[in-house]
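Engineer: Let me give you the structure first, and then I'll get to my questions.
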Amino acid sequence: MVKHSPGREELRKVRRESRSLYWFVGIFSFVANMLMLTGPLYMLQVYDRVLGSRSEATLVALSLLVVFLYGIMGILDHTRGRIMARAGARFQAALDKRVFDAMIRRSAVAQDPVAQTGLADLESVQRLIGSPVLMAAFDLPWTPIFLAGIMLFHPWLGFLALGGGATLVLITLLNQLFSRTPMLQANVTSHKASLMSDEIRNEAEMIQSMGMRGAAFRRWKVARDTSLGQTVLANDVSGSFSSMTKTLRLFLQSAMLGLGAYLVLQEEMTAGAMIAGSILMGRALAPIEMAIGQWAMVQRAVKGWHSLVDLLDKVPAEQPRTALPKPKALLDVQSLTIVPPGENRASLKTVTFRVEPGQAVGVIGPSGAGKSTLARALTGVWRPAGGMVRLDGAALDQYAPDVLGTHIGYLPQRVTLFDGTVAENIARLSPEPDPEKVVAAAKKAAAHDMILRLPDGYDTKVTAGGGRLSGGQMQRIALARALYDDPVIVILDEPNSNLDNEGSQALNHAIRSLKAEGRSCLIMAHRPAAIQECDTLLMLDQGTRAAFGPKEKVLREMVANHEELQRSAAMGGVR
Ligand SMILES: Nc1ncnc2c1ncn2[C@@H]1O[C@H](COP(=O)(O)OP(=O)(O)OP(=O)(O)O)[C@@H](O)[C@H]1O
């Protein structure tokens, strides 16, 4: 029994939306295939009537009729091609957002190949829908009709065509059997090689500076050669089948004519029927031949369809949520346990604490203590394996993710920007950044003056790696991005790792103004300067809450070298 799959249902539902288009294509194909009979009928008339009667007028009249009918057939064929191309485009457009969202949501929590290939999979299905191969499927029901027509001319011819057709189908099945694995392997390995080259290119600076180019090349070359080998193998296999098909087709055509000629000599059939039979066979076998020729595309699309089903099954569509009012900056974390995706060990265990409006909480602890894990959980990216996070009384998943993002500002430990202007980056990629909000966020992050000093100010182009920006400048722009649109809670993961003294002071100023506005702030930190403005500390150790309370008290109780920390914090400077 086929397992119930919501993903498959979703894809089928979208496919059904183009049902009316497929009906049109079906009707057009019906008429076009009827008109396919023009060729054989013309031959029958020419050989058996025109040549017998030697009537030029009949030949001209018949030829004009054929030109007209072929013209209509051509128009119908062209039109159904256009309709199918649009059906494919419609399928893709209807699913683009859903698959894009699913890819992002899945990639945020797991290294899943189906999440990496989602959009390419969708494109492969769209290509198949718009391709002549699928149209051949509409012609396939005519194959038996054409074969029956040949049978009417003479049963022997019919059996020959039938045998030929059956052999072609057998070749198609063998092709599927033998080429499936090499073709999938070729796709997978070539995807891997191109991912690796992207990765290497993104790290070009480091690779160049550390003399790693040769080693990187050798690593990539292994992936590239594997992919090349698999592609050659896949081409060898499918190439052999397509040559076999071509040879068989040529042989069948001659065999039909030879057998036809023999039957004409035996006076069991007319010469017109011999030619018409050969043409009909060509038409009957054309869809099968087309399928074999384009088999790689068919396989890619089938694989794409299954991967999409898998992706959509794993990431169900988001249900609309009742919009909640803008929350107060009140965060309640109850017995929160987080197991990182793909792991079976919790990196945060039953952690409980509460953040009140206007409070800044410093989260401290050694490396691997679970600080970044907590940040990811509080932004709603990693779901709790146990316990709960409530924002102003509502569990985080009661807010739509995009809405939650506007309530919670997040500065990740590893900052990346996007290709675009500084303003677009601060406005979180909004296509029409609100200049007032952008400047307000930058001012709050004390990044305004720094941005104005850039060559084009807020319109300076930056890239994912920052482009012309320094690490500290990137971090300050990312802080402005976190503060964009006045989130009620701001989570800053190692916000000062790249900041100089001025940057650190700007950060502290930003935290002070957030507190004054009644917003709350969580700062994951290693460096004491970052927790200078915090009134409360949460100390994590191996994923558990080691201490929580007023800063002085926690420092006194938990941190052995507290005096040293106090001193450097007071200097507000770099360790
Ligand atoms: N994406 C992930 N997949 C699997 N395990 C993870 C992932 N991220 C973190 N972990 C694990 O969770 C634990 C806590 O890591 P986390 O990054 O939260 O620590 P941290 O306190 O932020 O450390 P640091 O101060 O070095 O940034 C570690 O044991 C780490 O191996």
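Just so you know, all these numbers are worked out from the coordinates, no wet-lab data involved. Keep in mind it's a predicted model, so treat the numbers as computed, not measured. Methodologically, a virtual Cβ is constructed for each residue, glycine included, from the backbone with ideal geometry; neighbour enumeration extends over all protein chains shown.
Engineer: If I model a spin label at residue 16 and residue 385 as a point 7 Å from the Cα along the Cα→Cβ vector, what separation in nanometres do I get?
Structural biologist: The two pseudo-label positions are separated by 3.9 nm.
Engineer: Which residue, chosen from 425, 524, 405, occupies the Cα position most advanced towards the positive end of the dipole of region 331-571, where the dipole is computed from +1 (Lys, Arg) and -1 (Asp, Glu) charges on Cβ about the Cα centre?
Structural biologist: Farthest towards the positive pole: 524.
Engineer: Here is a further query. Give me a comma-separated list of calculated 3J(HN,Hα) values for region 249-264, in order, Karplus coefficients 6.51, -1.76, 1.60 applied at θ = phi - 60°, integers in Hz, x for any Gly or Pro.
Structural biologist: Listing the rounded values in order: 4, 5, 4, 4, 4, 5, 4, 4, 5, x, 5, x, 4, 4, 5, 5 Hz.
Engineer: Would you please put 76-86, 317-327 in order of how densely packed they are, using the mean number of other Cβ atoms within 10 angstrom per residue and starting with the highest?
Structural biologist: Order by mean packing, descending: 76-86, 317-327.
Engineer: For the chain, build the charge dipole from Cβ charges (+1 Lys, Arg; -1 Asp, Glu) around the Cα centre, then report which of 389, 152, 170 sits farthest towards its positive end.
Structural biologist: With unit charges placed on the Cβ atoms, the residue in question is 389.
Engineer: Indicate the gyration tensor shape class of region 1-134 (rounded, prolate or oblate), computed on the Cα atoms with a ≥ b ≥ c the square roots of the eigenvalues: a/c under 1.5 is rounded; otherwise a/b larger than b/c is prolate and the rest oblate.
Structural biologist: It is prolate, given that a/c is not under 1.5 and a/b is the larger ratio.
Engineer: In degrees from 0 to 90, rounded to the nearest 10, what is the angle of the helix 6-16 Cα long axis to the longest principal axis of the chain?
Structural biologist: Roughly 50 degrees, rounded to the nearest 10.
Engineer: Compute for region 251-296: radius of gyration divided by Kirkwood radius, i.e. Rg/Rh, restricted to C-alpha atoms, rounded to two decimals.
Structural biologist: 1.15
Engineer: Ok, one more. I'd like the orientation of helix 295-314 relative to the chain: the angle between its Cα long axis and the longest Cα principal axis, in ° from 0 to 90, rounded to 10.
Structural biologist: Rounded to the nearest ten degrees, it is 40.
Engineer: I've got another one for you. Treating only the Cβ atoms of Lys and Arg (+1) and Asp and Glu (-1) as charged, compute the dipole magnitude of region 331-571 about its Cα centre; round to the nearest 20 debye.
Structural biologist: Rounded to the nearest 20 debye, it is 520 debye.
Engineer: Can you list the trypsin sites (Lys or Arg not before Pro) in region 1-50 that are in a DSSP coil and have 11 or fewer other beta carbons within 10 angstrom?
Structural biologist: Sparse-neighbourhood loop trypsin sites (Lys or Arg not before Pro): 3.
Engineer: Contour minus end-to-end for residue 228 and residue 542, with contour as 0.36 nm per residue of separation and end-to-end as the Cα-Cα distance?
Structural biologist: Gain on extension, residue 228 to residue 542, equals 108.4 nm.
Engineer: Computed FRET efficiency, Cβ-Cβ of residue 367 and residue 3, R0 56 Å: what is it to the nearest 0.05?
Structural biologist: 0.85
Engineer: Give me the one-decimal nm value for the distance between modelled label points at residue 63 and residue 159, 7 Å along each residue's Cα-to-Cβ direction.
Structural biologist: 3.9
Engineer: Right, here's the next one. Amide H neighbours of residue 541 under 5 Å, at least 5 residues apart or on other chains, H built in the peptide plane: list them.
Structural biologist: Those lying under 5 Å, H to H, from residue 541 are 546.
Engineer: If a paramagnetic tag sat 7 Å from the Cα of residue 198 along the Cα-Cβ line, which residues of region 114-128 would have the backbone N under 16 Å from that point?
Structural biologist: Under 16 Å, as judged by backbone N against the label point of residue 198, lie 114-124 of region 114-128.
Engineer: Please list the radius of gyration and Dmax for region 124-194, considering alpha-carbon atoms only, with Å as the unit.
Structural biologist: Expressed in Å, the Cα Rg and Dmax of region 124-194 come to 17.6, 56.
Engineer: Using 16 Å as the cut-off for backbone N distance, which residues of region 449-488 belong to the label zone defined by a point 7 Å from the Cα of residue 119 along Cα→Cβ?
Structural biologist: 464
Engineer: What's the exposure ranking of 250, 152, 522, going from fewest to most Cβ atoms within 10 Å?
Structural biologist: Fewest-to-most Cβ neighbours within 10 Å comes out as 250, 152, 522.
Engineer: Mind checking the full-extension length gain between residue 265 and residue 111? Use 0.36 nm per residue of separation minus the Cα-Cα distance, one decimal, nm.
Structural biologist: Gain on stretching residue 265 to residue 111: 48.4 nm.
Engineer: Suppose R0 equals 56 Å. What FRET efficiency, 1/(1 + (r/R0)^6) with r the Cβ-Cβ distance, do residue 220 and residue 24 give to the nearest 0.05?
Structural biologist: Efficiency, from the Cβ-Cβ distance: 0.70.
Engineer: Another question about this same structure. With θ set to phi - 60°, apply the Karplus curve 6.51 cos²θ - 1.76 cosθ + 1.60 along region 336-353 and write out the HN-Hα couplings as whole Hz, x wherever there is a Gly or Pro.
Structural biologist: 6, 10, 10, 10, x, x, x, 9, 10, 10, 6, 9, 9, 10, 5, 8, 10, 6
Engineer: I've got another one for you. So what's the net charge close to residue 31: Lys and Arg +1, Asp and Glu -1, counting the other residues with Cβ under 13 Å from its Cβ?
Structural biologist: So the environment of residue 31 carries a net charge of -1.
Engineer: I need to check one value: relative contact order of the chain, counting alpha carbon pairs closer than 8 Å and at least 6 residues apart, in percent.
Structural biologist: 14
Engineer: How large is the Kirkwood hydrodynamic radius of region 142-293, in angstrom, based on all distinct alpha carbon pairs?
Structural biologist: 18.7
Engineer: Sorting check: for 118-124, 498-504, 65-71, which peptide has the highest mean count of neighbouring beta carbons within 10 Å, and how do the rest follow?
Structural biologist: Per-residue Cβ counts within 10 Å, averaged per peptide and sorted highest first, yield 118-124, 498-504, 65-71.
Engineer: Multiply the residue separation of residue 502 and residue 321 by 0.36 nm, subtract the distance between their alpha-carbon atoms, and state the gained length in nm to one decimal.
Structural biologist: That works out to 60.9 nm of additional length.
Engineer: Compute the long axis of helix 113-129 from its Cα atoms, compare it with the longest principal axis of the Cα atoms of the chain, and write down the angle in degrees, 0 to 90, nearest 10.
Structural biologist: Result, in degrees: 30.
Engineer: Straight-line reach from residue 371: which lysines have Cα under 22 Å away, leaving out those fewer than 8 places along the same chain?
Structural biologist: Within the straight-line limit of under 22 Å, residue 371 reaches these lysines: 349, 515, 551, 553.
Engineer: May I ask for the Kirkwood hydrodynamic radius of the chain, worked out over all distinct Cα pairs and given in angstroms to one decimal?
Structural biologist: Every distinct Cα pair counted, the radius reaches 29.4 Å.
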